[in-house]
Each structure stands twice: as C-alpha cells, then as structure tokens.
Amino acid sequence: MLVVLRLGHRPSRDKRATTHVALTARALGADEVWVSTKDGMLERTINDLVTRFGGGFIVRTGVKWRDAIKSWKGSVVHLTMYGQHLQEALRELERMNEQDMLIIVGAEKVPREVYELAHLNVSIGNQPHSEIAALAVFLYAALGDAPLYRKLNSRLTVIPNPRGKTVVDEGRSGSDDYSRP
Ligand code: SAM
C-alpha cells in the first residue's frame, strides 16, 4: 500500500496544486492520497476522474496528519529539499524492506515534527522546486515505469499514439490525427 500525505493544503490557494499532487500520485503508482485539510470539492474532482479513468484510487481529506503518521505501519518518507540524497534514501528503503510506504509532501512551511516523525527525509535535488515534481521523481525512482501504462478497469482508456489521440470509450474507439501540437 502506497499513500501520499499532502500537508498544509489551503483550499482557496492550493486547489490546483493539490489536485495535481493527487493526479500525479495516482498516475505514478500510489493507492491513495490523504490531505490534511477537509476539501469536498477536491474529493469530487478526483473521484470524478477515477470514475472515468478507472482504478481503485482513494482520496481522503481532513486527515489528522500527526495520527496518520504515528499509526502508519510501514516506512514514512518526507520529501524536502533539505533531506538526504535520493539514491542513498532508495538504498535505505531497500534495506528497510517494508511493504507499505507513506510519502509526505508539503505546501507551505512543514512543521519541524514531521522531519522527526519521518523515517527518511529525502531530497529530490538540493534546489527548491515543487511538491508535484518532487513526488513524480520520487515515485518514478522508487517504482519505475510499471505504473505508467498499467491497464485499469475503466470507461476511458488512452492508447499511446505517436501523433494523434486514441481514446477507447467503453468499447467504442476513436482516433484523431494531429500533425501539429
Ligand atoms: N518553504 C517550504 C518549507 O520550508 O517546507 C517548502 C515549500 S515547497 C513549495 C512545497 C513542498 O515541495 C515541500 O514541502 C516539499 O515536499 C516539496 N519540495 C520542493 N522542493 C523539493 C526538493 N528539492 N526535494 C524534495 N521535495 C521538495
């Protein structure tokens, strides 16, 4: 089980970023996203996408982050530019050999306690960038590309196509060619 915990979500400011954290988590192999602030709109947006594009991805908001971290049974990885080198962290995770992983990303300043509760504080490079980029790189490094084209039981399936768009919609397929972006 792989869960992404998004801290510090402010519904008015972070709607788009947190939606992208959730979509990235889902597309790159996480099972669930937990958000520390209650946000019904965010839940509806993600659930609607899951209805169309499939899979069993779960979104929970209003999650008590401290309890969630303390009661987590597997490894806890906090992504922060101040953390240890990614490759070193991947080796440690391999040694820990846990089935389940909780990956924490922030929005605004992350409380000091999170750094202490996490088993690993991991940097994706030593420059500040974004929680979405950090999550994507970490998931790709940890899981590889297996999740990217996995077959989900879905109403809509996008088939890779070097030029046009091929979308299978409940058994009916259509294809458009686009020679220009
Ligand atoms: N200033 C905030 C702080 O001191 O915690 C960080 C804000 S940053 C826009 C939001 C999140 O992006 C961070 O909490 C972290 O999870 C992630 N992030 C940004 N750059 C990162 C990096 N180089 N490596 C790992 N995570 C990063």
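Read the figures in this text as sums done on the coordinates, not as results from a lab. Because the structure is a prediction, the values reported are computed rather than measured. Using ideal geometry, Cβ is built from the backbone for each residue, glycine included, and neighbour counts are taken over all protein chains shown.
Can you compute the charge dipole magnitude of the chain about its Cα centre, using +1 on each Lys and Arg Cβ and -1 on each Asp and Glu Cβ, nothing else charged? Give it in debye, rounded to the nearest 20.
460 debye
Which order do Ile46, Ile104 fall in if you start with the one that has the fewest other Cβ atoms within 10 Å?
With the sparsest Cβ surroundings first, the list reads Ile46, Ile104.
Would you mind telling me which residue in Leu139, Leu120, Leu148 has the biggest mean-square fluctuation in a Gaussian network model of the chain, where springs connect alpha carbons within a distance under 10 angstrom?
Of the options given, Leu148 has the highest mean-square fluctuation.
Work out from phi, with θ = phi - 60° and the Karplus expression 6.51 cos²θ - 1.76 cosθ + 1.60, the ³J(HN,Hα) of each residue of region 128-136, listed in order in whole Hz, and give x for Gly and Pro.
x, 9, 9, 5, 6, 5, 4, 5, 4
Among Arg44, Arg150, Arg112, determine the one that fluctuates most according to a GNM of the chain built with springs between C-alpha atoms less than 10 Å apart.
Arg112
Summing -39500 (n - 2.57) over the DSSP H runs of n ≥ 4 in the chain and dividing by its residue number, what mean residue ellipticity at 222 nm do you reach, to the nearest 500 deg cm²/dmol?
-11500 deg cm²/dmol
In sequence order, what are the phi-derived ³J(HN,Hα) couplings for region 68-75 according to the Karplus relation 6.51 cos²θ - 1.76 cosθ + 1.60 with θ = phi - 60°, rounded to whole Hz, with x for glycine and proline?
4, 5, 5, 8, 5, 8, x, 7
Around Leu2, with a cut-off of 12 angstrom between Cβ atoms, what is the net charge of the other residues, counting Lys and Arg +1 and Asp and Glu -1?
With Lys, Arg at +1 and Asp, Glu at -1, the net is -3.
Using θ = phi - 60° and the Karplus relation 6.51 cos²θ - 1.76 cosθ + 1.60, list the HN-Hα couplings for region 103-119 in order, rounded to whole Hz, with x at every Gly or Pro.
My calculation for region 103-119 gives 10, 9, 10, x, 10, 8, 4, 8, x, 3, 4, 5, 4, 7, 6, 5, 5 Hz in order.
Between Lys70 and Gln127, take the C-beta separation as r, use R0 = 25 Å, and let me know the FRET efficiency to the nearest 0.05.
Details: r = 31 Å, r/R0 = 1.23.
The calculated FRET efficiency here is 0.20.
With labels modelled as points extended 7 Å from the Cα through the Cβ direction, what inter-label distance (nm, one decimal) is found for Thr166 paired with Glu108?
Spacing of the two 7 Å Cα→Cβ label points: 4.8 nm.
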